[in-house]
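The values are calculated or read from the model by the stated rules, or taken from the named source; none is laboratory data. Since this is a predicted model, take the numbers as computed values, not measurements. Here the Cβ is made from the backbone with ideal geometry for all residues, glycine too, and neighbour counts use every protein chain on show. The protein model used for the area step is the full one, side chains on, heavy atoms only, and it has no ligands, DNA or RNA in it. Shrake-Rupley method; radii C 1.70, N 1.55, O 1.52, S 1.80 Å.
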Amino acid sequence: MRYTIVNLGCKVNRVESDSFSASLAARGCVEAPEENAELIVVNTCTVTGEAEKKTRKAVRHALRASEGATVVVTGCAAAIDAEVFTQMSDRIRVMGKAALASAIDAGAFGDAEAVHGKALPVGEGFRTRVGVKVQDGCNNACTYCIVHVARGRAASVDADKVAETCKALSDAGVGEIVLTGINLGSYCWGDRRSEDAVRLPDLLKRLLAETERPPAGRACPTRFRISSIEPRDVDDALIDALAASEGRVCRH
């Protein structure tokens with residue numbers, strides 16, 4: 001099956017879109033221009049009125065580009081108002097991101113046999129700077145922002161899983177890993193009230209330690225970059241972690 005991923009919005013969307021693409025490629029599907037695609041996935045954004053306008057335009061463009069393609073609309077705009085998109089065409093399927101990922105893994109979009117297992121988004125066609133989503137959602141119901149409605153409550157990814165993913169990426173030759181999240185500074189794996197909880201500074205220290213050997217073919221160890229973070233979430237522990245990283249956490 002020939003597919004196209006159309007990505008709109010934030011770094012978290014970019015990571016999720018790369019994951020969809022890697023999973024489709026792992027099942028033997030082939031990335032293609034929109035006009036040749038049988039499946040077009042539009043990963044949407046709703047953070048501003050302009051973003052919503054671009055999202056609707058992207059979906060309409062996908063419908064025109066390939067008249068026979070199934071167009072899957074996912075992401076924040078789809079979560080807020082699915083009907084806007086389903087009314088555009090009977091070729092549109094609105095799906096949540098978890099449901100879309102499960103459908104891809106189950107072979108719902110083509111019956112190609114998996115050829116590589118669960119592929120990592122590294123290698124030909126992917127960037128050497130790779131994003132890793134460690135957090136999603138937000139508990140801050142700011143009046144100017146609708147993203148917490150679309151994404152739901154804050155949730156952090158298992159620190160062991162994050163470390164495993166980053167170590168694999170580093171071993172594959174990735175030079176820079178970008179830690180992403182909707183409210184990244186709120187990262188906390190475990191009971192937030194416990195001293196044993198893993199917070200963002202703790203996670204950074206662990207990732208630095210587990211990737212301290214340079215990847216094959218590189219002179220320097222993999223470095224890490226923190227994407228958007230709120231000032232209220234910058235504490236002494238995070239500042240200390242940045243200062244002690246000897247440049248392996250990029251300037252912010």
> Do the sum for the chain: with -39,500 (n - 2.57) for every DSSP H run of n ≥ 4, divided by all residues, what is the mean residue ellipticity at 222 nm, to the nearest 500 deg cm²/dmol?
Replying inline: -10500 deg cm²/dmol
>> Quick check for you: with a 1.4 Å probe and neighbouring chains kept, what is the accessible area per residue of the chain, in Å²?
In response: 53 Å²
> Taking 0.36 nm per residue of separation and subtracting the Cα-Cα distance, what length does fully extending ALA244 through CYS142 add?
Replying inline: 33.4 nm
>> Which cysteines in the chain lack any other cysteine whose Cβ sits under 4.7 Å from their own Cβ?
In response: CYS10, CYS29, CYS45, CYS76, CYS138, CYS166, CYS188, CYS220, CYS250
> Taking springs between alpha-carbon atoms closer than 10 angstrom, which of ASN140, ASN13, ASN183 fluctuates most in the Gaussian network model of the chain?
Replying inline: ASN140
>> Quick check: residue separation of ASP235 and LYS161 times 0.36 nm, minus the Cα distance between them. What number comes out in nm?
In response: 24.2 nm
>> Quick check: Cα centre of the stretch 177-243 to Cα centre of the stretch 27-80, how many Å?
In response: 32 Å
> When the chain is fully extended, how far beyond the present Cα-Cα distance does GLU212 get from VAL30, taking 0.36 nm per residue of separation?
Replying inline: 62.0 nm
> the chain: longest stretch without exposed GluC sites (Glu not before Pro) (DSSP loop, at most 11 other Cβ within 10 Å), sites themselves excluded?
Replying inline: 125-194
> How much of the accessible area of the chain, in percent, comes from carbon and sulfur atoms when a 1.4 Å probe is used?
Replying inline: 49 percent
